[in-house]
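What follows is a single structure, written as structure tokens, with notes after it.
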Amino acid sequence: MPDARCDRVPAREVIATVTGSFTEHRPPTSPAPPDGPLGWSGYAESRARASARTGEEESVLYGTAVVEGRECVLVAFEFGFLGGSLGGSTGDRLEAAYALAGERRLPLVSLVATGGSRMQEGMIALTQLHRVARASTRLRAEGLAQIAVLRDPTTGGGWATVGAGADVVLALPGAQIGFAGSRVRPADADPYAYTAEGQLAAGQIDAVVTPDELPVTLGRWLAALTVTGPARAAPVPGALSAAGLPATGWEAVEQARAAARPRAEAYLDAYFQHRLPLNGDRCGGRDPGLLCGVGLHAGRPVAYAAQCGTATRPAGYRTAARVIRLADRLGLPVLTLVDTPGAANDAEAERAGAGAAIADAFAAVAGARVPVTTLVIGEGGSGGALALAAPDNTHVTTDSYFSVIAPELAAAILKRGPDEVRPTADQLRLRPQDLVELGVARSVVGPAGPEG
């Protein structure tokens, strides 16, 4: 790997803009051959030039830091040192940083800028990815959060481990992000796909954050992902509608489908002091009709997954499952808002794995060890809605319904005419009060909360 460009912001300057304080740590090191494990001629001179130019001994530095009053372990890549590349000594530092986070019971924040593995160390450099993946997995098993901030560029193995392997992935505007670096991509590759904005659109990162916003954003994420004490169930949101209980099943359907009915965005805004979005399924998809993230309610973090009234797509279910499993691992309670006519059932949704994605959402809710609270705020359409509903802690608003299938489709399956749709809605017993009586829901919720 040739000596790197040095026109990017040095690691210590980035650290200074993000943190209130930083205490550097250094792992014990063993003597290495001057030209590295491969005896690569000129490697020692390249390292010496990189060190003289940057003032650093390696491409990564780490230590404990305070960000907006929140303590964490901080890792920062120095791109000016051989392109922020990973070698054996880099692996030592990264492994030590993850271990320090585990010992101190602190979240890990990584400020990533790397061109990949160091060619002068060959396969020894590449196998550092195993070390990083193992250290990251151990920290995950200990219930500690990992946040990555992707700077320009973040490519190769650094992206595929420290970056993409984090729980929350933020990026600076315009940052080059991709497994393939600029010199090894296909000549006709779409350049947008390798940018922070392109990766956000593809559901691979959670947010693009400007440098000015980064300290506050990191501080909020650290507050949201640092849990003290056992998870308590998220309180049921109060209803935002003054609608009365429906007299008939069809009236319940009409109230749930009313254009003026309060939607998920309004419920989330009323419930949370502020929200931090988690975007995308990490498989190249995102569903704008399902909002996910973590917010602060009454000063305590709560993870959320909220349907917005549209048919939920496979990417939405996979994103919700990702968020619920993250909450479960970190000990955060979960709030789900159910509002969908059902799962998307077009050919594209089937090709994208609708059945498997819905099954994954069911499994995430069923396997959660933290309490899950559900409020049905509109349409509860079949299994596409049930996949995000807590089996023993679901509540309903007066302008909602929950049904095995929409009345129109039920009538069609039963070979009934259009004039029989309304009686079918009554037979389905889908009204809020019916759901409580059947034991499907625990309560009908009013503006002040559950009313029993």
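Any chance you could count how many residues in the range 329-375 are in contact with a helix residue (DSSP H, G or I) (Cβ under 7 Å, 6 or more places away or on another chain) and of a type in the set (Asp, Glu)? Final tally of qualifying residues: 2. In a residue-by-residue description of the range 88-104, the property of being in contact with a Phe, Trp or Tyr (Cβ under 8 Å, 6 or more places away or on another chain) and over 30 Å from residue 330 (Cα atoms) applies to no position. With a requirement of 1 or more residues that are on the phi > 0 side of the Ramachandran plot, the strands (runs of 3 or more DSSP E) lying completely within the range 241-339 that satisfy it span 290-297. Return the residues of the range 20-63 that are without any contact (Cβ under 8 Å) to a residue 60 or more places away in the chain, of a type in the set (S, T, N, Q) and in contact with a Leu (Cβ under 7 Å, 6 or more places away or on another chain); say none if nothing qualifies. Matches in the range 20-63: 59 only.
As for the range 444-451, it holds no residue that is modelled with pLDDT of 90 or more, more than 18 Å from residue 339 (Cα to Cα), of a type in the set (Gly, Ala, Ser) and surrounded by fewer than 20 Cβ atoms within 10 Å (Cβ to Cβ).
Does residue 30 qualify as being surrounded by fewer than 16 Cβ atoms within 10 Å (Cβ to Cβ), of a type in the set (Ser, Thr, Tyr) and not in a strand (DSSP E or B)? For residue 30, the condition - surrounded by fewer than 16 Cβ atoms within 10 Å (Cβ to Cβ), of a type in the set (Ser, Thr, Tyr) and not in a strand (DSSP E or B) - is met. In the range 106-132, which residue that is assigned to a strand (DSSP E or B) and β-branched (Val, Ile, Thr) is surrounded by the most Cβ atoms within 10 Å (Cβ to Cβ)? Here the answer is 114. Exactly one residue among 300, 286, 220, 282 is among the basic types (Lys, Arg) and either in contact with a Cys (Cβ under 8 Å, 6 or more places away or on another chain) or in the same structural domain as residue 146 (by TED's automatic domain parsing) (or both), and that residue is 220. Which numbered condition trips up residue 241, out of (1) out of contact with any Phe, Trp or Tyr (no Cβ under 8 Å at 6 or more places or on another chain); (2) surrounded by fewer than 20 Cβ atoms within 10 Å (Cβ to Cβ); (3) more than 30 Å from residue 178 (Cβ to Cβ)? Of the numbered conditions (1) out of contact with any Phe, Trp or Tyr (no Cβ under 8 Å at 6 or more places or on another chain); (2) surrounded by fewer than 20 Cβ atoms within 10 Å (Cβ to Cβ); (3) more than 30 Å from residue 178 (Cβ to Cβ), the odd one out for residue 241 is (2).
The values are calculated or read from the model by the stated rules, or taken from the named source; none is laboratory data. Small disclaimer: the values here were computed from a predicted structure and weren't measured. Ideal geometry is used to build each Cβ from the backbone, glycine not excepted, and the neighbour counts take in all protein chains shown.
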